[in-house]
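Chemist: One structure, pasted below without further comment.
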Amino acid sequence: MKRQLKIWLECFRLRTLPVSLSGVIIAIGVAKWQQEFRWVPALLCVVFALLAQIVSNTANEYFDYLQGSDKPGRVGPRRGVTEGDIKPTTLRNVTFGLLVLAGAVGCCLIPYGGWWLLPAGIVIALAALAYSTGPYPLSYHGLGELMVFIFFGIVPVNLTYYVMSLRFDPLVVLFSITIGLLGVNVLLVNNYRDMEDDLEAGKRTSVVIFGRKAAALAYLINGYAGMGMLSALWVMIAARWGMGGTLPVWTLVIPVIYLVMHTATWYKLTRRQGTALNPLLGETARNMLIFTLLLTIVFIIYS
């Protein structure tokens, strides 16, 4: 029983879940700061985001298996279906069962955000599948990072804020860009590690196309660009509420904390190979979550 639980938890890729959580958390923090927070839609967004990412992860494992992209003894974390620990039909059924559950949770948001959320949810569901299957699997054509930027950055941050406030806000858009850039780095580490395996399988990720040096540089730039977006935040705060703003200047230390962690992880990325890269996937997600939680705590304190 414990072994089966471990296998399924590996399949869900829990280390990557901060990517989906961060977008929702930061939107909740901004909503609280701007007196727009509502518990029920916020909680529904958390559950939906987690389910959507788990579906994306299990679908990726299932369809990669069908296309022969994964092989036993791969460099990355163990894939249950590839190693024979999970039956392909079981993984398929779990994936689509979770997709239905995510859809049901998403429908619960309609009373808060309106019926237009239904087609938005359908697009999100299709994107989760199109990432690794269909006539043009996006992760096989160097578009994985773009998908992460949109569906783990732009979409969850703005939609979570919307269902609580019924409006969009330029400040929230800036945060969604930051979260999108940091989320992309998690996928970059994954593809950086798997470059040889992906190349052999004909999977043309951005790292396969441009190489590891370009990927490492993009990783570094994304972190700094994401924090750079926050400089515009303080300008907008000053414009909206006066130079005193509603956040003290010392909160600028939060981006600095993130950049120290980010740069340290990037340094390791450029000096490790093979299985030694595996911990950096969780470390990148951890850096993202720590930054998000720190900033959200500040928003709550000064709300």
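Chemist: Quick check on my filter: what residues within the range 259-303 are surrounded by 19 or more Cβ atoms within 10 Å (Cβ to Cβ) and small (Gly, Ala, Ser)?
Modeler: ALA285
Chemist: Suppose we filter ILE154, ILE179, ILE209 for residues that are over 17 Å from THR292 (Cα atoms) and in a helix (DSSP H, G or I); which single one remains?
Modeler: Every option except ILE209 fails the conditions.
Chemist: Let me ask you something else. Got at least one residue in the range 2-23 being part of a helix (DSSP H, G or I), buried (at least 24 other Cβ atoms within 10 Å of the Cβ) and touching a Cys at 6+ places or on another chain (Cβ under 8 Å)?
Modeler: Within the range 2-23, not a single residue is part of a helix (DSSP H, G or I), buried (at least 24 other Cβ atoms within 10 Å of the Cβ) and touching a Cys at 6+ places or on another chain (Cβ under 8 Å).
Chemist: Tell me, please, whether a residue that is at pLDDT 90 or above, closer than 22 Å to ILE124 by Cα and crowded, with 18+ Cβ neighbours inside 10 Å can be found in the range 61-74.
Modeler: Checked the range 61-74: no residue is at pLDDT 90 or above, closer than 22 Å to ILE124 by Cα and crowded, with 18+ Cβ neighbours inside 10 Å.
Chemist: Turning to a different aspect of this structure: Would you mind finding the one in GLY244, GLY202, GLY211, GLY274 that is modelled with pLDDT of 95 or more, over 19 Å from the mean Cα position of the chain (by Cα) and not charged (D, E, K, R)?
Modeler: Unique residue meeting the criteria: GLY211.
Chemist: Filter the range 1-49 for residues that are among the aliphatic types (A, V, I, L, M) and without any contact (Cβ under 8 Å) to a residue 24 or more places away in the chain and give the result.
Modeler: Those that are among the aliphatic types (A, V, I, L, M) and without any contact (Cβ under 8 Å) to a residue 24 or more places away in the chain: MET1, LEU5, LEU9, LEU14, LEU43.
Chemist: Given the conditions (1) within 21 Å of ASN191 (Cβ to Cβ); (2) at pLDDT below 85, which single one is not true for ILE86?
Modeler: All conditions pass for ILE86, except number (1).
Chemist: I'd like the full set of residues that are small (Gly, Ala, Ser) and either farther than 21 Å from LEU50 by Cβ or surrounded by fewer than 23 Cβ atoms within 10 Å (Cβ to Cβ) (or both), limited to the range 133-154.
Modeler: GLY134, GLY142
Chemist: For the range 156-180: of the residues being under 25 Å from CYS107 (Cβ atoms) and of a type in the set (S, T, N, Q), which is surrounded by the most Cβ atoms within 10 Å (Cβ to Cβ)?
Modeler: Restricting to residues being under 25 Å from CYS107 (Cβ atoms) and of a type in the set (S, T, N, Q), the top hit is THR160.
Chemist: Let me spell it out: the conditions are (1) modelled with pLDDT of 90 or more; (2) over 15 Å from THR95 (Cα atoms); (3) in contact with a Gly (Cβ under 7 Å, 6 or more places away or on another chain), and PHE48 meets all of them except one. Which number is the exception?
Modeler: Against the list (1) modelled with pLDDT of 90 or more; (2) over 15 Å from THR95 (Cα atoms); (3) in contact with a Gly (Cβ under 7 Å, 6 or more places away or on another chain), PHE48 comes up short only on (2).
Chemist: Let me ask something else about it. On the given criteria, is GLY103 part of a helix (DSSP H, G or I), without any contact (Cβ under 8 Å) to a residue 24 or more places away in the chain, buried (at least 18 other Cβ atoms within 10 Å of the Cβ) and touching a Cys at 6+ places or on another chain (Cβ under 8 Å)?
Modeler: no
Chemist: Ok, one more. Output the residues belonging to the range 197-225 that are closer than 22 Å to ASN57 by Cβ, touching a residue at least 24 places away in the same chain (Cβ under 8 Å) and not small (Gly, Ala, Ser).
Modeler: Within the range 197-225, ASP197, ASP198, LYS203, ARG204, THR205, VAL208, TYR219, ASN222 qualify.
Chemist: Hey, among VAL253, VAL260, which residue is more than 19 Å from LEU181 (Cβ to Cβ) and part of a helix (DSSP H, G or I)?
Modeler: Answer to the check: VAL253.
Chemist: Go through the range 157-208 and give me each residue that's of a type in the set (A, V, I, L, M) and closer than 17 Å to LEU281 by Cβ.
Modeler: Result: LEU181, LEU182, VAL184, VAL186, LEU187, LEU188, VAL189, MET195, VAL207.
Chemist: With respect to LEU129, determine if the residue is at pLDDT below 90, within 27 Å of TYR65 (Cβ to Cβ) and not in a loop (DSSP other than H, G, I, E, B).
Modeler: For LEU129, the condition - at pLDDT below 90, within 27 Å of TYR65 (Cβ to Cβ) and not in a loop (DSSP other than H, G, I, E, B) - is met.
Chemist: Which residue pairs have Cβ atoms closer than 8 Å, lie 6 or more positions apart in sequence or on different chains, and pair a first residue in the range 85-100 that is free of Cβ contacts under 8 Å to residues at least 12 places away in the same chain with a second residue that is surrounded by 12 or more Cβ atoms within 10 Å (Cβ to Cβ)?
Modeler: From the range 85-100, the pairs are LYS87/VAL81.
The values are calculated or read from the model by the stated rules, or taken from the named source; none is laboratory data. Values in this document were obtained by computation on a predicted structure and should not be read as measured data. We place every Cβ from the backbone using ideal geometry, glycine too, and count neighbours over all the protein chains shown.
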